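Please read the structure below before turning to the comments.
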Amino acid sequence: MARRIILAIAALALAAIQSGHAQAAGAQRGIVRVVIETERGNIDVALDSAHAPRTVTNFLKYVDAGAYTNGKFHRTVTPANQPTSSVLIEVIQAGADPSRGAMFAPIELERTSDSGLHHRDGTISMARAGPNTATSDFFICIGDQPALDFGGRRNSDGQGFAAFGQVSRGMDIVRAIQRLPANGQTLTPPVRILGIHRQAAR
């Protein structure tokens, strides 16, 4: 009798552990982790392919092709260097190795109204000109930036930008890059990207 009770308790404990593992796996479903290695330090990013699949797929094409090796953080946007804009934002922007060009076709804009993602402190998002023009350039938000969401007033088209992940570690590096010397919004010199790589699943 005692043996059966012990076995039953063990079975329940095992079921609880398996359930916890399943819940943890479910919570992480669709998350792809990458590290942006720069000459100033590393920035870890969790990409949300569940909510922004087109954008994450595009970004990872450039990552897997090695296109960001020798790319650059080339732009810093601060409250002090936006004299022609009435809607101020704070971001740093980076792109692939300029010699590689736009390796893949521009992607359709995944609006925040569709993805449910928003431009918060540490959000990674795709830079663009008009809608459906994003290729390899991306930016990282410093502070919450609702003006970059769908319906925001930073761009006159009101379509916003495609948020697709979140910095999980390294915002100190992001902020340090934002504070570097710049000619207007152009970092002088730019900060070299040593590479962007996928991280092993945790």
**Message:** Report the per residue volume, in Å³, of the convex hull enclosing the C-alpha atoms of region 30-198.
**Reply:** 99
**Fill in**
Expressed in nanometres to one decimal, the distance between label points 7 Å along Cα→Cβ at SER99 and ASN183 is 2.2
**Peptides ranked, highest mean first, by Cβ atoms within 10 Å: ranges 112-118, 66-72, 160-166** = 160-166, 66-72, 112-118
**Message:** Which order do the peptides 82-91, 147-156 come out in when sorted by mean C-beta neighbours inside 10 angstrom, highest first?
**Reply:** 147-156, 82-91
**Prompt:** Taking other Cβ within 10 Å of each residue's Cβ, how do MET103, MET171, MET126 sort, fewest first?
**Reply:** MET103, MET171, MET126
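Going by how many other beta carbons lie within 10 Å of each one, how would you line up ILE124, ILE173, fewest first? Show your work: numbers first, answer last.
Numbers: ILE124 30, ILE173 21.
Least to most surrounded, the residues fall as ILE173, ILE124.
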**Request:** In whole angstrom, note down how far apart the Cα centers of region 42-83 and region 152-189 are.
**Result:** 10
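Only the coordinates and a few stated rules stand behind these numbers; no lab work does. Because the structure is predicted, anything quoted here is derived from the model rather than measured. Here Cβ is always computed from backbone atoms with ideal geometry, including for glycine, and neighbour counts include all displayed protein chains.
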